[in-house]
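The values are calculated or read from the model by the stated rules, or taken from the named source; none is laboratory data. The shown structure was predicted, so the numbers you read here are calculated from the model rather than taken from an experiment. Ideal geometry is used to build each Cβ from the backbone, glycine not excepted, and the neighbour counts take in all protein chains shown.
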Amino acid sequence: MGFALWVKDDLSWAAGTHEYRPMGVAIIAANGRYRPRDFDPRRVLPSKERRAFAGFFASLAHMNEYLEKRTGARGMRRKVGKARKRGAMWIFRCWR
């Protein structure tokens with residue numbers, strides 16, 4: 001996998017490839033998080049401005065981490081930690 005990311009104002013857009021095949025382009029808010037289903041091969045890049053280019057990333061997780069650090073936002077979704085078994089129940093630790 002490989003992704004190129006551009007960020008300008010309150011938008012970010014990315015172009016991705018998977019196994020050397022284009023995944024397409026995704027456009028989200030700059031404080032959002034990318035998911036694989038956000039990418040659409042029919043969508044075109046709004047622009048390839050040099051000043052807006054943020055870099056190349058190896059995974060969606062790296063790209064989301066970069067956006068999180070850049071904006072200081074933790075994202076809208078809750079992160080689910082590891083599950084641990086207590087008695088007969090599974091307990092999931094959640095944090096924001």
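Looking only at residues that are more than 14 Å from the chain's Cα centre (by Cα) and over 13 Å from LEU67 (Cβ atoms) in region 9-23, which one is modelled with the highest pLDDT?
Step one: filter region 9-23 for residues more than 14 Å from the chain's Cα centre (by Cα), giving 9-10, 18-22.
This time we only want the ones that are over 13 Å from LEU67 (Cβ atoms), so: 9, 18-22.
Details: ASP9: 87, HIS18: 79, GLU19: 79, TYR20: 78, ARG21: 81, PRO22: 84.
Result: ASP9.
Quick one: is ARG35 modelled with pLDDT under 90 and surrounded by 10 or more Cβ atoms within 10 Å (Cβ to Cβ)? Before you say what the answer is, go through the steps one by one.
Values: modelled with pLDDT under 90: no; surrounded by 10 or more Cβ atoms within 10 Å (Cβ to Cβ): yes.
Here the answer is no, as ARG35 does not meet what is asked.
Going by the structure shown, is ILE27 in a strand (DSSP E or B) and at pLDDT 75 or above? Working first, answer last.
Working: in a strand (DSSP E or B): yes; at pLDDT 75 or above: yes.
Judged against the criteria, ILE27 is a match.
Is it the case, given these coordinates, that PRO22 is assigned to a loop (DSSP other than H, G, I, E, B) and touching a strand residue (DSSP E or B) at 6+ places or on another chain (Cβ under 9 Å)?
Details: assigned to a loop (DSSP other than H, G, I, E, B): no; touching a strand residue (DSSP E or B) at 6+ places or on another chain (Cβ under 9 Å): yes.
No; evaluated as a whole, the condition is false for this residue.
Which condition number does VAL44 fail, the rest of (1) at pLDDT 90 or above; (2) loosely packed, with under 14 Cβ neighbours inside 10 Å; (3) of a type in the set (Val, Ile, Thr) being met?
So the condition that VAL44 fails would be (1).
Somewhere in region 79-93, is a residue assigned to a loop (DSSP other than H, G, I, E, B), surrounded by 11 or more Cβ atoms within 10 Å (Cβ to Cβ), among the hydrophobic types (A, V, I, L, M, F, W, C) and modelled with pLDDT under 90? Break it down stepwise before answering.
Going residue by residue through region 79-93, those that are assigned to a loop (DSSP other than H, G, I, E, B) are 87-88.
Narrowing further to those that are surrounded by 11 or more Cβ atoms within 10 Å (Cβ to Cβ): none.
No, because not a single residue in region 79-93 is assigned to a loop (DSSP other than H, G, I, E, B), surrounded by 11 or more Cβ atoms within 10 Å (Cβ to Cβ), among the hydrophobic types (A, V, I, L, M, F, W, C) and modelled with pLDDT under 90.
Would you check if there is a residue in region 64-78 being of a type in the set (Ser, Thr, Tyr), buried (at least 16 other Cβ atoms within 10 Å of the Cβ) and modelled with pLDDT of 90 or more?
Here is the first cut: in region 64-78, the residues of a type in the set (Ser, Thr, Tyr) are 66, 71.
Applying the additional criterion that residues be buried (at least 16 other Cβ atoms within 10 Å of the Cβ) yields 66, 71.
Remaining after also requiring modelled with pLDDT of 90 or more: 66.
Yes, some residue in region 64-78 is of a type in the set (Ser, Thr, Tyr), buried (at least 16 other Cβ atoms within 10 Å of the Cβ) and modelled with pLDDT of 90 or more.
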